[in-house]
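Have a look at the structure below before the remarks.
The values are calculated or read from the model by the stated rules, or taken from the named source; none is laboratory data. Quick caveat, the model's predicted, so the values are computed rather than measured. Here Cβ is always computed from backbone atoms with ideal geometry, including for glycine, and neighbour counts include all displayed protein chains.
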Amino acid sequence: MTSIHHAIPQKTPVLKQLATMQTFFIAWFGQLISLTGSSMTGFALGIWVFQRTGSATNFALTLLFAMLSRAIVSPFAGVLADRFARRWILVLSDGGAGVSTVAMAALLFSGELQSHNQKPPRKWPQVVALGSPICVMAGAIW
């Protein structure tokens, strides 16, 4: 004689389900921090340009190009994410964003960071022009 008790599926306790999602939560939280940092970098670069130039147009253009680069890259980023190992895409895109942010910070603290309408910089002339879009594009890939 079979018991009805065996026919009812046993529910997994909530804590056990959360433990199995630990990897997801770690990746999710890492991406939350990364995307927040990339967005803040683009905005901070716009504020820096405004403080240096006093031009609202330059501020708006800096923010526009930071957002426009994400809009342009996002459709292609989805294709890349589907074709290649997602873990490596995550590592490379966040690594690229980190490297470009560190490069801009190094230029800022060394006094070499300059906006486009100032005298040509002595070193790394295109870093400011490419830095913010690279940060944003790297975030858009993942």
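Key figures for this structure:
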read-out: Any pair with Cβ under 7 angstrom, 6 or more apart, that starts in segment 87-109 at a residue that is under 26 Å from residue 52 (Cα atoms) and ends at one that is part of a helix (DSSP H, G or I) and of a type in the set (Ser, Thr, Tyr); value: 97/34; 97/38; 101/41
read-out: Subset tally (residues that are under 22 Å from residue 105 (Cα atoms), of a type outside the set (Phe, Trp, Tyr) and part of a helix (DSSP H, G or I)) for segment 45-85; value: 17
read-out: Lone qualifier among 106, 81 - being modelled with pLDDT of 85 or more and small (Gly, Ala, Ser); value: 106
